[in-house]
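Below: one structure, written as structure tokens.
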């Protein structure tokens, strides 16, 4: 690849397109967007910021690890700019830490658009995937999510859209940006209809298939007030590879959202750890993990006091 190991002072054909990518996601803000192919000081600073934000080695070069990250499909929300309020090196919030205030008393309604959908998935399967994603968040905060058929009055409105769909953030076709959602109390949750959405990888064989539940889980985090995390394992990390899943909240996700809404009275960190370890075991990490559960739990709880 012609960009590999490019550094400050290089002039590489196509660099201007990379600059557009960095501008879109908040790393080259408030600059003249008539970008050149020169690897200049501003791009070097943006690259270092990108690497630090996404937990990559900060080399200030376009190394293979960074280029692989850039190529991954991702959420359309910007990672970092003046609109993002960072409170830790992990999770982040929108400016002013907005949260839902109009809970009645602790319920948000959601609805799928009756028109903006994809025909190759059963509506019941879409609903089930979205319901599982909402259930994850409901299990850790004192908010219930209830589906309604009245789309116009729902707090959270979910739909599949193509290209420029009127919100100032057009979709870009297959892979690239997968979806985006807006901060509280907007409730807008848009998925790119051009993607190959999957609810079951056993039946959907496409190499570019994207897991609907994983993306829904991430975007609901934005709807609740979370911005992007720097923790790669977290649901709120911005990228997701095709044919991969992130369907369980991680500690970073939970800490971030509970700082906004408090804890579900039935939630315990031990239950979170147990569910994650059971998931890892299901992914062939082996039974030897069980003996480490008490030690790992104690360490995590100590670090996140």
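Helical runs (DSSP H, four residues minimum) scored at -39500 (n - 2.57) apiece and divided by the length of the chain put the mean residue ellipticity at 222 nm at -9500 deg cm²/dmol.
Residue exposure proxy: 175, 217, 103, 54, ordered by other Cβ atoms within 10 angstrom of their Cβ from fewest to most, comes out as 103, 175, 54, 217. The label-point distance for residue 202 and residue 165, in a model that sets each label 7 Å from Cα toward Cβ, rounds to 3.0 nm. Computed extension gain for residue 20 through residue 106, at 0.36 nm per residue and net of the alpha carbon distance, reaches 26.8 nm. If R0 is 35 Å, the Cβ-Cβ spacing of residue 247 and residue 150 corresponds to a FRET efficiency of close to 0.80. Stretching residue 185 away from residue 276 to a fully extended chain increases their span by 29.8 nm, per 0.36 nm per residue minus the current alpha-carbon distance.
Taking the DSSP beta bridges with both ends in the range 74-261, the antiparallel portion is around 30 percent. Estimated at 0.36 nm per residue, the fully extended path between residue 11 and residue 71 surpasses their Cα-Cα distance by 19.5 nm.
The numbers here are math on the coordinates, done by the rules we state, and not lab data. Since this is a predicted model, take the numbers as computed values, not measurements. Quick reminder, even Gly has a Cβ in these numbers, built from the backbone with ideal geometry, and neighbours come from all protein chains shown.
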